[in-house]
1. Just to confirm a number: summing +1 for Lys and Arg and -1 for Asp and Glu over residues other than Glu30 whose beta-carbon lies under 10 angstrom from that of Glu30, what do you get?
2. Can you list the GluC sites (Glu not before Pro) in segment 154-188 that are in a DSSP coil and have 15 or fewer other beta carbons within 10 angstrom?
3. Treat each spin label as a single point 7 Å out from the Cα along the C-beta direction, and report the Lys137 to Asn54 distance in nm.
4. Per the Kirkwood definition applied to all pairs of different Cα atoms, how many angstroms is the hydrodynamic radius of segment 44-208?
5. Quick one: which residues, 5 or more positions from Gly92 or on another chain, have an amide H under 5 Å from its amide H? H modelled 1.01 Å from N in the peptide plane, none for Pro or chain starts.
6. On a 29 Å Cα-Cα criterion, which of the cross-link pairs Lys70/Lys229; Lys120/Lys160; Lys120/Lys163 come out too long?
7. With θ taken as phi - 60° and the coefficients 6.51, -1.76 and 1.60, list the Karplus ³J(HN,Hα) couplings across segment 106-118 in order, rounded to whole Hz; mark glycine and proline as x.
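Where a number appears in this text, it was derived from the coordinates with a stated rule and is not lab data. Since the structure is predicted, the reported quantities are computational estimates derived from the model, not experimental observations. Every residue, glycine among them, receives a Cβ derived from its backbone with ideal geometry; neighbour counts consider all protein chains shown.
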Amino acid sequence: MLLLFDITFKSYLRARGEIPLETGVGEFHEPSEEHIEGLTAQSFWETTEFPWANALEEKSHIIQEEFMAKLQSDSDLFVGDSNLQNSVMGGGWSAIRLQRLGVWNLENCKEFPKTYELIKELDIPLAVRGVCFARQKPYSGVKTHSDGRNFILTSHLGIKIPKDCWIEVAKERRDWEEQRLITLDTSFLHSTGNPTAEDRYVLIIDFWHPELTEAERAGLEFIYDLRNKFETGLIPVRPLRKHEKIGMKTKTREENGIAHWWDKMLRGETNQKEIVT
């Protein structure tokens, strides 16, 4: 509980401007108020840093073949994201989300069952942000930005990569390769470009920073699961009141509010991790 308090309280104080934001490790590093102190910060990470990464690359042909077969059979596979996301990602970027905010989209996963099973089989320490297939349309790109959270890393697996497509992190530019991973820390300024006449496709996987302790990871999962449920309406803003007639008196009991949900979580009575959306 002290860890939960430390993470949330410091983020709260930074958001209010009562303590300064982290300055980052260099000119192109822009961590947000949601920050874990002491974690290694580097723009790109090597595949060998993660025990699951080599196995994913070795089996990446399964993902590539499944995705390309689906793409060929469904020309209307991708739809745009929200206006807010497009303001950051640009109109040329769209995604098919297999997991978002820590919850599997089982309808989408049914369309890519081999990919879904492989990701689960490899026991990747998935973070709360998500897993998705991402398309970048011809002659478009994602503008330079930082996602802020230094405790989440992101891997891109090349699915279909036209020549000269690139990703740039902290002014270092690299090209994707099909069936190979590029891993970056998105709290560094980064951008992408597709200067070609073809669509570019990658599988994006967000996962926890490897230096987080088990307690830190559990604390972050709890915090963001609670917050995401609140923000998406799964937990009401105000508790619902249930009235029960007991003899001559009426007893009021609060249910389904955030405090009630928190209490159930602490007692281990709820653990909603998979829903159909």
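1. Working: positive: none; negative: Glu22, Glu27, Asp147.
Once positives and negatives cancel, what remains is -3.
2. Working: sites: Glu168, Glu172, Glu177, Glu178; in loops: Glu177.
Answer in residue order: Glu177.
3. 4.1 nm
4. Working: mean 1/r = 0.0628 Å⁻¹.
Answer for segment 44-208: a Kirkwood hydrodynamic radius of 15.9 Å.
5. Hits under the 5 Å cutoff: Gly141.
6. On the way: Lys70/Lys229 31 Å; Lys120/Lys160 23 Å; Lys120/Lys163 31 Å.
Listed pairs above 29 Å: Lys70/Lys229; Lys120/Lys163.
7. 5, 5, 5, 5, 5, 6, 9, x, 5, 5, 4, 5, 5
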